[in-house]
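Input: a single structure, listed below in structure tokens.
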Amino acid sequence: MAISSTQTVLDYTKIPRHVAVIMDGNGRWAKKRFLPRVMGHKKGLDVLEDMCRVCAEAGVGYLTVFAFSTENWRRPADEVSFLMGLFLTALQKKVLQMHENGLRLKVIGDRSRFSEEIRQSIVRAEALTANNTGLTLTIAADYGGRWDILQAANALLQEGKTEISESDLAEKLMLSEAPEPDLFIRTGGETRISNFMLWQMAYAEFYFTDVLWPDFDADEMHRAFSSFAGRERRFGRTSEQLPQEQQRP
Ligand code: FPP
């Protein structure tokens with residue numbers, strides 16, 4: 001079970017073990033180039049592949065990306081349909097290269113609204129990569145932080161629990177086997193969490209950049225790592241209580 005940031009002081013290194021990303025700005029990137037919005041998403045998927053490599057090389061263990069929120073169904077039907085197509089491409093084609101690179105792929109979210117083909121492809125992609133020991137890439141699709149907390153609470157009710165602890169609930173969350181995100185990155189200039197991993201972000205370090213996701217590259221990721229390395233993570237303690245090497249440089 002993952003260790004909770006509110007119950008104990010997390011052990012952490014200067015390289016985040018878990019990076020969570022909201023890949024925002026695809027539409028604006030495309031618009032600036034007089035391209036249809038969906039071309040931004042297509043480029044965004046290529047960037048995601050690159051960032052898996054960058055994170056794996058840096059020693060990050062988990063990369064979790066918000067590909068489709070529970071609210072994204074409100075987008076125009078043709079954009080939703082294109083995103084579903086890209087999701088299939090990731091699950092059926094891109095996963096082969098990921099597997100060769102030793103990545104483990106996971107999908108979190110409510111699968112019930114996806115087509116049967118997507119649902120089956122998720123199961124196959126997860127099974128194919130399940131025993132890999134490299135970076136775990138988790139794609140959050142039809143995911144919402146509130147939905148995740150509710151499904152966990154409902155699972156506990158189903159078990160007949162009448163009183164629950166923090167660790168009971170944490171264990172039922174979709175990504176319970178991963179450490180909590182150390183670093184949360186949002187590209188595209190917005191400074192919102194947008195219902196992403198609400199429970200697990202309790203002590204995440206936030207990094208916001210105006211760079212649009214399709215323009216995000218290795219240098220930008222390293223800029224985020226370097227910002228993270230300069231943070232003082234106190235987990236409720238005072239600065240003076242921290243070991244010297246964890247105090248702000
Ligand atoms: C937000 O940008 C991005 C999304 C809602 C989709 C993210 C999807 C990808 C990066 C590619 C697909 C990845 C997988 C794994 C299928 P936006 O459209 O809100 O951009 P805007 O704010 O500029 O309009």
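The values are calculated or read from the model by the stated rules, or taken from the named source; none is laboratory data. The shown structure was predicted, so the numbers you read here are calculated from the model rather than taken from an experiment. When we count neighbours, we look across all protein chains shown, and the Cβ atoms used for this are built from the backbone with ideal geometry, even at glycine.
If you take the residues of segment 99-117 that are more than 11 Å from the ligand (Cβ to nearest atom) and of a type in the set (A, V, I, L, M, F, W, C), which of them is farthest from the chain's Cα centre (by Cα)?
F114
Which of the residues spanning segment 33-57 are touching a residue at least 24 places away in the same chain (Cβ under 8 Å) and either assigned to a loop (DSSP other than H, G, I, E, B) or over 17 Å from the mean Cα position of the chain (by Cα) (or both)?
R37, V38, G40, K42, K43
Restricting to segment 6-28, what's the tally of residues that are at pLDDT 95 or above and out of contact with any Phe, Trp or Tyr (no Cβ under 9 Å at 6 or more places or on another chain)?
Qualifying residue count, segment 6-28: 2.
Regarding E159, is this residue over 19 Å from D24 (Cα atoms), over 19 Å from the mean Cα position of the chain (by Cα), more than 16 Å from the ligand (Cβ to nearest atom) and acidic (D, E)?
For E159, the condition - over 19 Å from D24 (Cα atoms), over 19 Å from the mean Cα position of the chain (by Cα), more than 16 Å from the ligand (Cβ to nearest atom) and acidic (D, E) - is met.
Out of the residues in segment 196-229 that are at pLDDT below 95 and part of a loop (DSSP other than H, G, I, E, B), which is farthest from F68 (Cα to Cα)?
Y203
Give V65, V95, V80, V60 a once-over and let me know the one that is β-branched (V, I, T), crowded, with 20+ Cβ neighbours inside 10 Å and assigned to a helix (DSSP H, G or I).
Sole residue among the options that is β-branched (V, I, T), crowded, with 20+ Cβ neighbours inside 10 Å and assigned to a helix (DSSP H, G or I): V95.
Within the set of pairs 6 or more residues apart or between chains, which connect a residue that is hydrophobic (A, V, I, L, M, F, W, C) and in a loop (DSSP other than H, G, I, E, B) inside segment 133-158 to a residue that is within 16 Å of the ligand (Cβ to nearest atom) and modelled with pLDDT of 95 or more with Cβ atoms less than 7 Å apart?
Going by the 7 Å Cβ cut-off, the qualifying pairs are L135/C52; L135/C55; L135/L63; L135/L103.
Looking only at segment 152-189, count every residue that is more than 30 Å from F216 (Cα to Cα) and either of a type in the set (A, V, I, L, M, F, W, C) or in contact with a Gly (Cβ under 9 Å, 6 or more places away or on another chain) (or both) and tell me the total.
8
Which pairs have Cβ atoms under 6 Å, sit 6 or more apart or on different chains, and link a residue in segment 13-30 that is in contact (Cβ under 8 Å) with a residue 40 or more places away in the chain and within 24 Å of S226 (Cα to Cα) to one that is small (G, A, S) and not in a loop (DSSP other than H, G, I, E, B)?
Pairs that qualify, where the first residue is in contact (Cβ under 8 Å) with a residue 40 or more places away in the chain and within 24 Å of S226 (Cα to Cα) and the partner is small (G, A, S) and not in a loop (DSSP other than H, G, I, E, B), are K14/A229; I15/A58; M23/G44.
Per-residue answers, yes or no, for (1) more than 10 Å from the ligand (Cβ to nearest atom); (2) in contact with a strand residue (DSSP E or B) (Cβ under 9 Å, 6 or more places away or on another chain):
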{"residue": "M39", "(1), (2)": "yes, no"}
{"residue": "K42", "(1), (2)": "no, no"}
{"residue": "E57", "(1), (2)": "yes, no"}
{"residue": "F68", "(1), (2)": "no, yes"}
{"residue": "L88", "(1), (2)": "no, no"}
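Test N72 against the stated conditions and say whether it is of a type in the set (S, T, N, Q), in contact with a helix residue (DSSP H, G or I) (Cβ under 9 Å, 6 or more places away or on another chain) and within 11 Å of the ligand (Cβ to nearest atom).
yes
Could you check, for segment 149-165, whether at least one of its residues is at pLDDT 95 or above, closer than 18 Å to T64 by Cα and in contact with a helix residue (DSSP H, G or I) (Cβ under 9 Å, 6 or more places away or on another chain)?
Scanning segment 149-165, I find at least one residue that is at pLDDT 95 or above, closer than 18 Å to T64 by Cα and in contact with a helix residue (DSSP H, G or I) (Cβ under 9 Å, 6 or more places away or on another chain), so the answer is yes.
When you scan segment 159-175, how many residues do you find that are exposed (fewer than 15 other Cβ atoms within 10 Å of the Cβ) and touching a residue at least 40 places away in the same chain (Cβ under 8 Å)?
2
Only one of E245, E232, E177, E171 is modelled with pLDDT under 95, of a type outside the set (S, T, Y) and either under 23 Å from A141 (Cβ atoms) or within 16 Å of the ligand (Cβ to nearest atom) (or both). Can you tell me which?
E177
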